[in-house]
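The values are calculated or read from the model by the stated rules, or taken from the named source; none is laboratory data. Here the structure is a predicted model, which is why all the values come from computation and not from measurement. Ideal geometry is used to build each Cβ from the backbone, glycine not excepted, and the neighbour counts take in all protein chains shown.
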Amino acid sequence: MTSLKAHELLHPAHWKPAVGYANGMLADGRLLFVGGQIGWNQDQVFESDDFVAQIRQALENIVAVLAEADAGPEHIVRLTWYITDKREYLARLKEVGNAYRAVLGKHFPAMTMVQVADLIEDRAKVEIEATAVVPQR
């Protein structure tokens with residue numbers, strides 16, 4: 001896996017520190033776009049209806065797609081989260097953070113989170129898109 005750092009965090013000096021995300025990232029390399037991943041496994045089967053378990057699985061799915069391009073979590077420059085329950089997310093924030101760090105480590109790219117009324121798959125509670133920049137070979 002490539003370990004070259006191809007990005008830098010952007011944060012205006014006079015802004016309050018961002019915790020768990022970046023306000024911006026500047027990157028140089030090959031663009032990799034990962035379509036929305038939900039909390040089912042490689043066989044498109046939900047192993048759990050638990051919110052945090054589905055987040056962890058969606059993140060693991062993103063890492064699997066990144067690996068196809070010889071990339072890893074450190075190459076992600078943007079995540080867009082679509083969740084169906086803002087209150088559950090906020091109530092379980094510590095567990096979400098633990099699942100996030102277990103899969104992506106302490107890499108916190110630019111992120112957006114949106115609560116949506118529903119997702120296409122009835123059992124899905126979260127869908128996450130990723131954009132990564134992989135260093136030139």
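Here is how the numbers come out for the structure above:
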read-out	value
Residue tally, condition part of a helix (DSSP H, G or I) and either touching a strand residue (DSSP E or B) at 6+ places or on another chain (Cβ under 8 Å) or hydroxyl-bearing (Ser, Thr, Tyr) (or both), over the range 58-75	7
Residue identified as out of contact with any helix residue (DSSP H, G or I) (no Cβ under 9 Å at 6 or more places or on another chain) and either at pLDDT below 95 or of a type in the set (A, V, I, L, M, F, W, C) (or both) among VAL134, VAL116, VAL126	VAL116
Top-ranked residue in the range 21-57 [being within 18 Å of ARG101 (Cβ to Cβ) and in a strand (DSSP E or B); ranked as modelled with the highest pLDDT]	GLN37
Among (1) touching an Asp or Glu at 6+ places or on another chain (Cβ under 7 Å); (2) in contact (Cβ under 8 Å) with a residue 24 or more places away in the chain - the single one LEU26 does not satisfy	(2)
Number of positions in the range 88-125 that are over 11 Å from the mean Cα position of the chain (by Cα), in contact (Cβ under 8 Å) with a residue 60 or more places away in the chain and not in a helix (DSSP H, G or I)	5
Of all residues making up the range 38-56, the number that are out of contact with any Asp or Glu (no Cβ under 7 Å at 6 or more places or on another chain), within 21 Å of GLN115 (Cβ to Cβ) and not aromatic (Phe, Trp, Tyr)	8
Meets criteria (surrounded by 13 or more Cβ atoms within 10 Å (Cβ to Cβ) and assigned to a loop (DSSP other than H, G, I, E, B)) for ALA18	yes
